[in-house]
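Please treat every number below as a calculation from the coordinates, not as lab data. Quick caveat: nothing in here was measured; it's all calculated off a predicted structure. Cβ coordinates were reconstructed from backbone atoms using ideal geometry, including for glycine residues, and neighbour counts include every protein chain displayed.
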Amino acid sequence: MAQKAVWAVGRRKTSVARAKIASGTGKITVNHKDVKDYIKNGDHLVRRALEPLFVLDARDKYDIALNVSGGGVVGQVGAIRHAVARALVAFNESLKPTLKKEGFLTRDSRMVERKKYGLHKARRGTQFSKR
C-alpha cells in the first residue's frame, strides 16, 4: 500500500519552511529548484539542511518538495532541517526516537533581540564622553 504525501512545517528565526514528503527516488526541490541550486553558499549548508536524511541513511528513499520564505540563508537552512525532520516523523512514526535524540525535532527558539528606545541597538548605548 503506497502512503500519501505528508506535509510539515519547520521554523528558524524568521524563516518558515513547508515540506511535502512522499516515497520516491531522492529528488529534493526547494522553491521549484534543485536543493543544490537554491543553497549556493556551500555544500556544508546543503548537508546541514538534509541532516535528518543522512542520519537515517534515507537520502534516496523520499522525494521532498520544500517551500521556504523569510529570513536569510542560514535561517532558511535551519527551517528546512526542522521541516524535513517533522515530515519524516509524520510519514513514519517509528523514526521519532532517533530524530528526537539527535535534536532535529526541537525548534531553535533563538531570535534577534528587539531594539530599545534610547539605544543604538538592543543593548548598545551612546559612547561616554569624559570631556
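Observations
- Where a residue in region 94-122 is under 13 Å from VAL55 (Cα atoms) and its partner, wherever it lies, is in a loop (DSSP other than H, G, I, E, B) and of a type in the set (Val, Ile, Thr), with Cβ under 9 Å and at least six apart: LYS100/THR106
- Test set (1) surrounded by 14 or more Cβ atoms within 10 Å (Cβ to Cβ); (2) within 18 Å of MET111 (Cβ to Cβ) - ALA87 fails condition number: (2)
- Some residue of region 84-96 being out of contact with any Phe, Trp or Tyr (no Cβ under 6 Å at 6 or more places or on another chain) and in a loop (DSSP other than H, G, I, E, B): yes
- Among (1) within 30 Å of ARG124 (Cα to Cα); (2) touching a residue at least 40 places away in the same chain (Cβ under 8 Å); (3) in contact with a Lys or Arg (Cβ under 9 Å, 6 or more places away or on another chain) - the single one VAL73 does not satisfy: (2)
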